[in-house]
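Visitor: Before I ask anything, here is the structure I am working with.
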Amino acid sequence: MELLLKVFALCVITAAVASLLRRSEGELALLLALCAAACAAALLIAAGEPLAALLRTLADKTGLSSAVFTPLWKVLAIALTVRIGGAFCRDASQNALACVLETAGVVCALLAAAPLLRAVLELMEGLM
């Protein structure tokens, strides 16, 4: 809860200052938002280590190979990157770039999930 309040305060204060700057210094407002997003990401990454350790333990206990969990982590990272990057592109009034980024994210997510899809296909063939 403390982490959420820190990120909330960072985002709300940055949004308020950026809205004041946007009228006269639009580029500076975007840079401020990028810096705030980087700070929030650093806070979340540091706080996410216990969660990552729990998921590693879960993977070890279930006996599933890393071929199952690695694509899931990659797709999650791709989805977060595309969502945040697309929002920044839209804030900079670059909707076309946001669409290109989203399309690239879909392609990359499918490529990252391909080993998992192959494993499912092999499992289905084994059952037949």
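What follows is calculated from the coordinates using simple rules that are stated; it is not laboratory data. The structure presented is a predicted model; accordingly, all values stated were derived computationally and were not measured. Cβ atoms come from the backbone with ideal geometry, glycine included; neighbour counts cover every protein chain shown.
Visitor: Kindly provide the set of residues from region 11-42 that are more than 19 Å from Arg90 (Cβ to Cβ) and either surrounded by 14 or more Cβ atoms within 10 Å (Cβ to Cβ) or hydroxyl-bearing (Ser, Thr, Tyr) (or both), ordered by number.
Guide: Once the filter is applied, which keeps residues that are more than 19 Å from Arg90 (Cβ to Cβ) and either surrounded by 14 or more Cβ atoms within 10 Å (Cβ to Cβ) or hydroxyl-bearing (Ser, Thr, Tyr) (or both), region 11-42 yields Val17, Ser24, Cys39.
Visitor: Sticking with this structure for a sec: Filter region 75-107 down to the residues that are free of Cβ contacts under 8 Å to residues at least 12 places away in the same chain and not in a helix (DSSP H, G or I), then identify the one that is surrounded by the most Cβ atoms within 10 Å (Cβ to Cβ).
Guide: Of everything passing the filter in region 75-107, Gln94 is surrounded by the most Cβ atoms within 10 Å (Cβ to Cβ).
Visitor: Could you tell me how many of the residues in region 49-74 are within 18 Å of Leu3 (Cα to Cα) and either in contact (Cβ under 8 Å) with a residue 12 or more places away in the chain or surrounded by 12 or more Cβ atoms within 10 Å (Cβ to Cβ) (or both)?
Guide: 0
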